[in-house]
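First the structure, in the form of structure tokens, and then the observations on it.
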Amino acid sequence: MKKYIVIISMLISTLTYAQKFEELALTPPMGWNSWNKFGCDVSEQLIKEITDAMVSSGMKDAGYAYVVIDDCWQVGRDENGNIIPDPERFPSGMKAVADYIHSKGLKFGIYSDAGTHTCQRRPGSRGYEFQDARTYASWGVDYVKYDWCNTSTQNAQASYRLMRDAIYKAGRPMVFSLCDWGFSKPWLWAEDVGHLWRATDDIMDCWDCEDDRNNAGFTILLDRMVGLDSYSGPGHWNDPDMLEVGNSGLTVSESRAHFSLWCILAAPLIAGNDLRDMSEETKMILTNREVIAVDQDPLGKSGSKVRDDGDLEVWVKQLADGGRAVVLFNRGLTKEKMSVLWTELGYPTFLKAEVRDLWLHKNLGKFTTEFTAEVPPHDAVMFRVSP
């Protein structure tokens with residue numbers, strides 16, 4: 001009898017934690033990750049300075065919560081198999097880093113890999129899943145990004161489920177970010193495994209460049225998101241990769257379009273720039289609360305492309321209050337007049353609705369049938385339509 005009581009108690013504990021796990025990301029996670037700007041050049045000092053900047057810049061007040069260290073923080077394992085942070089770059093250890101981030105009211109994220117080694121040939125978690133999850137829990141980790149390099153013949157579903165179970169067992173709620181670049185089509189199976197999954201290859205700091213590994217600029221990754229909107233929702237999000245806003249490859253207009261479209265997709269908003277040295281334009285984009293509110297809308301609907309006229313696209317997202325968010329996206333090289341029809345929003349043509357420009361923070365009036373705006377080249381106009 002005692003044995004059965006213990007088993008039942010363990011099952012109840014697991015179910016309770018699973019419920020907490022599922023409630024961690026009811027809206028898309030928001031935060032910052034080190035990779036896009038700093039690559040392997042990470043350190044305790046950098047992470048503390050970024051944490052301070054997230055607070056002082058207004059990012060925290062705008063909703064950004066996670067400070068995530070990507071690859072290259074780890075250098076080996078000790079004689080007991082415990083993962084070892086780089087003692088030169090992180091002399092105080094990861095628990096101290098987590099404590100510092102938590103002291104500022106933010107959350108701490110870390111990176112690992114499902115294979116034997118990470119993408120930068122540091123120790124991966126294969127064979128150490130439960131041990132690593134326990135270690136992360138003891139450090140106070142709140143978010144785990146889990147990559148897919150050096151995995152050989154591993155099965156993605158089995159590998160990611162194993163790490164999910166390890167996080168469950170560790171007993172600390174951690175957001176679980178799957179990153180196999182969409183190779184296994186995780187949108188088809190990962191809803192009960194992770195909170196977000198990469199649906200694309202890696203983002204590049206450019207408008208539409210592409211390399212020989214299918215990494216690409218945000219416009220190309222946007223194209224790869226078409227048709228995936230139905231798989232995304234509260235607690236499980238399609239991830240088209242991190243933001244390049246504020247890095248050197250995009251103009252202010254292109255950055256505004258990039259941010260608008262990630263928000264219409266209900267994508268995780270993970271900044272990838274140097275928060276310590278942001279221009280006012282970058283700060284205004286990343287902290288625009290009206291645009292962020294579209295991304296964080298509690299209905300959790302991902303937007304979709306409702307019209308494609310070559311360089312001119314219309315994207316629409318349903319909102320919890322019955323309204324719609326709309327992005328008019330101009331990929332072309334000249335200013336163009338663009339319209340959205342009420343029928344494309346699912347509204348009758350006679351409906352009178354208020355239109356508010358989310359970048360100008362301005363009500364534009366009440367309209368029926370359609371709304372038209374001039375959209376500059378390589379830019380987007382974003383507005384909310386409220387019946």
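Just give me the residues in the range 335-347 being in a strand (DSSP E or B) and either in contact (Cβ under 8 Å) with a residue 60 or more places away in the chain or surrounded by 13 or more Cβ atoms within 10 Å (Cβ to Cβ) (or both), in sequence order.
Residues satisfying the conditions are 336, 338, 339, 340, 341.
So is residue 50 in a strand (DSSP E or B) and assigned by TED's automatic domain parsing to the domain that holds residue 30 or not?
Taking the combined requirement at face value, the residue does not satisfy it.
Give me the residue from the range 34-61 that is among the β-branched types (Val, Ile, Thr) and surrounded by 17 or more Cβ atoms within 10 Å (Cβ to Cβ) and, out of that set, nearest to residue 120 (Cα to Cα).
Among those residues, the one meeting the criterion is 42.
Among the strands (runs of 3 or more DSSP E) contained in the range 185-292, which hold 2 or more residues that are touching a residue at least 60 places away in the same chain (Cβ under 8 Å) and within 22 Å of residue 40 (Cα to Cα)?
Working: elements: 196-198, 237-239, 269-271.
Per the criteria, 269-271.
Scan 200, 287 and give me the residue that is of a type in the set (Ser, Thr, Tyr), modelled with pLDDT of 95 or more and in contact with a Leu (Cβ under 6 Å, 6 or more places away or on another chain).
It is 200.
Filtering the range 135-162 down to residues that are more than 17 Å from residue 120 (Cβ to Cβ) and part of a loop (DSSP other than H, G, I, E, B), which residue is nearest to the chain's Cα centre (by Cα)?
Filtering first and then ranking leaves 142.
In the list 81, 31, which residue meets the criterion of being surrounded by fewer than 17 Cβ atoms within 10 Å (Cβ to Cβ) and in the same structural domain as residue 289 (by TED's automatic domain parsing)?
81
Looking at the range 181-204, which of the residues that are surrounded by fewer than 18 Cβ atoms within 10 Å (Cβ to Cβ) and among the charged types (D, E, K, R) is farthest from residue 249 (Cα to Cα)?
Result: 192.
Every residue, every condition in (1) in the same structural domain as residue 228 (by TED's automatic domain parsing); (2) of a type outside the set (Gly, Ala, Ser); (3) buried (at least 17 other Cβ atoms within 10 Å of the Cβ), yes or no:
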{"residue": "321", "(1), (2), (3)": "no, yes, no"}
{"residue": "324", "(1), (2), (3)": "no, yes, yes"}
{"residue": "333", "(1), (2), (3)": "no, yes, no"}
{"residue": "349", "(1), (2), (3)": "no, yes, no"}
{"residue": "353", "(1), (2), (3)": "no, no, yes"}
{"residue": "357", "(1), (2), (3)": "no, yes, no"}
{"residue": "376", "(1), (2), (3)": "no, yes, no"}
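If you check every pair at least six apart or on different chains, which have Cβ atoms under 9 Å apart with a residue in the range 67-82 that is of a type in the set (Gly, Ala, Ser) first and a residue that is part of a loop (DSSP other than H, G, I, E, B) second?
From residues that are of a type in the set (Gly, Ala, Ser), the pairs are 76/122; 81/127; 81/128.
The values are calculated or read from the model by the stated rules, or taken from the named source; none is laboratory data. It should be emphasised that the depicted structure is a prediction, and the values quoted were computed from it without experimental measurement. Using ideal geometry, Cβ is built from the backbone for each residue, glycine included, and neighbour counts are taken over all protein chains shown.
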